[in-house]
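Report on the following structure.
The values are calculated or read from the model by the stated rules, or taken from the named source; none is laboratory data. Predicted model only: the values in this text are computed from it and were never measured. Here the Cβ positions follow ideal geometry from the backbone for every residue, glycine too, while neighbour counts run over all protein chains shown.
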Amino acid sequence: MPNSRSRNPTPAPARAPARIRVLCVDDSRDITEQLGQCIAMQPDMESVGSLSSANNLRAELEKLRPDVVLLDIAMPGVDPLEAVRELTDAARAVPGASPGGSGCGAARVIVFSGSGDKKAVVSAADAGAWGFVCKDAEIPVILGAIREVACGKVAFGRWL
């Protein structure tokens, strides 16, 4: 496991896919548009879309097949951390499933929050997230976390 606090099901591959497929989930359209544009400008990444809530996240992952999901921790609708738990449990239930590949349960989640509250970071790790990034982080920090997580590393920065 990548982190003793994490519920991630199996160790990850050593390198990222040729192009990291990223899905942004945030109830702020401005944030998802800005992140999508920054991701699209990266030669090793592509934005596969955005969602405004964690509602139906599992079905959307099956359709969009992201490698990494940036997920806002506080949105209306389904509790984002509960959605992370469900994805982690779904990945565990599939024999031979490997997180980080394409498909439901395989996408690694980075929790994206307006607060760097230690309790939120611990809750994200306990739910099975692979990383945590504050919304006020510089774009290179966010992109770096995406790359780290796509390579199978946890990206909790200074918090864990």
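Annotations for the structure displayed:
- Total residues in region 106-160, condition part of a helix (DSSP H, G or I), surrounded by fewer than 15 Cβ atoms within 10 Å (Cβ to Cβ) and not charged (D, E, K, R): 3
- On the stretch given as region 72-115, residues that are modelled with pLDDT of 85 or more and polar (S, T, N, Q) total 1.
- Residue check for ARG15: at pLDDT below 95 and not in a helix (DSSP H, G or I): yes
- Scanning region 24-45 for residues that are surrounded by 15 or more Cβ atoms within 10 Å (Cβ to Cβ) and over 15 Å from SER113 (Cα atoms) turns up GLY36, CYS38, ILE39, GLN42, MET45.
- Criterion: at pLDDT below 95 and more than 15 Å from the chain's Cα centre (by Cα) - qualifying residue of ASN56, ASN8: ASN56
- Counting the residues of region 123-160 that are touching a Lys or Arg at 6+ places or on another chain (Cβ under 7 Å), farther than 22 Å from GLU46 by Cβ and not aromatic (Phe, Trp, Tyr) gives 5.
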